[in-house]
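So the structure is just underneath, and the comments pick up after that.
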Amino acid sequence: MRIIGVETRGAAQAAATRIRDGGPFARLAAEVSIDPGGKLGGRLPPVLRTDSALARLAFDTEVGELGGPILEGRRWMLIQTDGIHA
């Protein structure tokens, strides 16, 4: 999974628009994400199926699709699911 974390809903919506217009998620994560993984294209370790909002979004988002934005802590998050492992 990849994430982009930003400080405002507006910034999340602007990032989502850029992605939907064809911008590569990983490059945008490196440009705008305040999450430490942003420098790695937003890459996160595998996400476990739990009750957290982020995990639910990850498993509800089709592989390769854009999910969010959701508010997680003090960040607005967009995700892209790379794959689901059994």
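The values are calculated or read from the model by the stated rules, or taken from the named source; none is laboratory data. Just so it is clear, the model here is predicted, and its values are computed rather than measured. The area values use the complete protein model at the heavy-atom level, side chains included, leaving out ligands, DNA and RNA. Shrake-Rupley method; radii C 1.70, N 1.55, O 1.52, S 1.80 Å.
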To the nearest Å², the heavy-atom accessible area per residue of the chain with 1.4 Å probe amounts to 60 Å²
Long-range share for the range 38-86, i.e. C-alpha pairs more than 16 Å apart as a percent of all pairs, stands at 37 percent
With every protein chain kept in place and a 1.4 Å probe, the residues Arg56, Arg49, Arg2 fall, from largest accessible area down, as Arg49, Arg56, Arg2
Summing -39500 (n - 2.57) over every DSSP H run of at least 4 residues in the chain and dividing by its residue count gives a helix-only mean residue ellipticity at 222 nm, to the nearest 500 deg cm²/dmol, of -9500 deg cm²/dmol
So, relative contact order of the chain in percent, Cα under 8 Å, 6 or more apart, is 37 percent
Measure of exposure for Leu66: accessible area at 1.4 Å probe, Å² rounded to 10, is 40 Å²
